[in-house]
Structure formats: C-alpha cells, structure tokens
Amino acid sequence: MRTAEVTRNTLETQITVKVNLDGTGQANLNTGVPFLDHMLDQIARHGLIDLDIVAKGDLHIDAHHTVEDTGITLGQAIAKAVGDKKGVRRYGHAYVPLDEALSRVVVDLSGRPGIEYHIPFTRAQIGQFDVDLFLEFFRGFVNHAACTLHIDNLRGTNSHHQAETVFKAFGRALRMAVEFDPRMAGQMPSTKGTL
C-alpha cells in the first residue's frame, strides 16, 4: 500500500492529511468547511484514494487559509505516497458530467508545478463558500505535489454542479495517473530517466 501522512502547522492552520493511493475511496473529513469536505469526498470516492483529513484553521477570519493549506498538505501527502513514480502511468485525464455541467481535468505527475484553471462560475458563492478559493486549493496542491494540472469546466449554469464535476474529474484523473502500468514494470515514465 502506498500511504503517507503529512502534518502542517502554521499560525493560521493545523492540518493533518493521511492518504492511501491504493484504497477504496473511504474518507474521514473534518476541515471545518462543509463544502470543502463535500468536494474532498469526491476526490476520495472517484479517485479510489482513502483520505483522512483534519484541519483547524482561522475560520473566524474566513476559509481562505484553511482551503489553501489543505490543498498544500494534500499535495505533499500525494507526492510522498507516489514516491519515485517508477511504474506509474504518470498522466491521467477524465471528463465528468453532472446534469448540465461538464468538466475535463488532465494531470501530469511531471515534477514541475503548473496549473491552467478555467472555470467560469456563474455565481461567486456556493452557499457560504467563496468559489475563488478553489483556485487557491488547486494552486497549493500542484505547487506541493509537483504536478501539472489542467482544469476546464466546459459548460454549466449551476455553480455547485460546476464545482462537483471538477472535483470528480480531478479524482478520476489522479487515480489514472498514480495507477501502476503493468507494461512499465518499475520503469520511469520519462525519457529523461527522472521526474
């Protein structure tokens, strides 16, 4: 089992993330931000990645630090669990619909952080959740997982559906990228010989 546990403590947040890349999609989530927990559950369920995340943040200010730092800590845990990347597929992609919404996510475990993020949300908040924070979550993730991530919401009029399709597609793309390719048999998936 490829597992990792990472704890991040700052003056703004205290976060512990445990991951099992070879799990069954079980999730134990308590960030103090209910909509974030709902989205993290999509990653676990659709990525078949077991996630245990506990976060305590300065929510009396707003959810910004908690959401961003959860992305950072999750990225660190995924990178640690993947290890040297020998034998993994490296690339993953998924399209996910939900009613009128459709999103595409593509990931490359390249060792180089980069993000292309295109979600034309139709409103600024989903319940009490500020949709601007999704970019902070994914930016924190890619910078610390050292991966390239392309996120495109191709259509949608309901912001909840837009967000949910993105997180489901992200989970599925990540699942594909971290899977072992039996034809690679421990080889590095790069002509450089390193990632």
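Here, each number is a calculation from the coordinates, and none is a lab measurement. A quick note: this is a predicted structure, and the numbers were derived from the prediction, not measured. In this analysis, Cβ positions are derived from the backbone assuming ideal geometry, glycine residues included, and neighbour counts consider all displayed protein chains.
Roughly speaking, what is the centre-to-centre gap between the stretch 151-195 and the stretch 1-52 when only Cα atoms are used, to the nearest Å?
Taking the Cα centre of each part, the stretch 151-195 and the stretch 1-52 sit 17 Å apart.
If we sort 129-142, 52-65 on the protection proxy, mean other Cβ atoms within 10 Å, highest first, what's the order? Working shown, then result.
Working: 129-142: 19.8, 52-65: 16.8.
Answer by packing, highest mean first, reads 129-142, 52-65.
Add -39500 (n - 2.57) for each DSSP H run of 4 or more in the chain, then divide by its residues: what number comes out at 222 nm, to the nearest 500 deg cm²/dmol? Present the calculation step by step, with values, prior to reporting the outcome.
Numbers: 4 runs with 67 residues, N = 195.
After summing the helix terms and dividing by residue count, I get -11500 deg cm²/dmol.
Go through [x] 10.3; [y] 19.4; [z] 15.3 and flag the label whose value is the computed mean projected area of the Cα convex hull in nm² for this structure.
It is the one labelled [x].
Could you give the size of the charge dipole of the chain about its Cα centre, using +1 on the Cβ of each K and R and -1 on the Cβ of each D and E, expressed in debye and rounded to the nearest 20?
Details: 20 positive and 23 negative charges, 184 e Å.
I would put it at about 880 debye.
Of all DSSP beta bridges located in the chain, what percent are antiparallel, nearest 5? Can you show the working numbers first?
Working: 33 of 42 bridges.
Around 80 percent antiparallel, to the nearest 5.
List, in order, the whole-Hz ³J(HN,Hα) value for each residue of the stretch 178-183 obtained from phi through the Karplus relation with A = 6.51, B = -1.76, C = 1.60 and θ = phi - 60°; use x for Gly and Pro.
The phi angles translate into 8, 5, 7, 9, x, 7 Hz.
May I ask which residue of GLN187, ILE43, THR148 lies farthest towards the positive end of the charge dipole of the chain, with charges of +1 (Lys, Arg) and -1 (Asp, Glu) on Cβ and the Cα centre as origin?
The one lying farthest along the dipole's positive direction is GLN187.
Check the straight Cα-Cα distances from LYS192 and name the lysines below 22 Å, setting aside those fewer than 8 residues away within the same chain.
LYS80, LYS85, LYS86
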